[in-house]
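Please read the structure below before turning to the comments.
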Ligand code: FES
């Protein structure tokens, strides 16, 4: 979702078939998000994952408006009022399924997507590009 640059848990570095295991699906509450940090040092990158049922959507944890992390507390990315991803800095709102900003100062822009999958064992994987 997105680690310590916003907030969240450290990523499990296990390689597993088609990608890196981030967590188990049930570790993300349905309708909520979870942050991870990929890589280390200068190559570290904060991302977050939002779960909708059995589906997951991943984005870089940086608002297109100013580049700040979106979460306002650890693993808090979703507005209770709208059910959309919300930026903590100026309140921009983003669709969960495609990261499109639908309200706020960056309306019309998009979050940077991160390719994910859920395997048959219920593990959320970062798909390596
Ligand atoms: S930094 Fe996200 S809306 Fe301004």
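Each value in this text was obtained by applying a stated rule to the coordinates, not by laboratory testing. Everything quoted here is computed from the prediction, not taken from an experiment. Note: ideal-geometry Cβ built from the backbone for every residue, glycine included; neighbour counts use all protein chains shown.
Some values worked out for this structure:
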item: Per-pair calculated FRET efficiency, R0 = 22 Å: residue 117 and residue 42 via Cβ, rounded to 0.05; result: 0.20
item: Linear extension gain, residue 109 paired with residue 66, 0.36 nm per residue minus alpha-carbon span; result: 14.3 nm
item: Point-to-point label distance, residue 80-residue 102, nm (Cα→Cβ direction, 7 Å offset); result: 2.0 nm
item: Simple spin-label estimate for residue 95 and residue 24 in nanometres, 7 Å along Cα-Cβ; result: 3.3 nm
item: The chain pair-distance distribution - Cα-Cα, 10 Å bins, rounded %; result: 15, 49, 30, 6
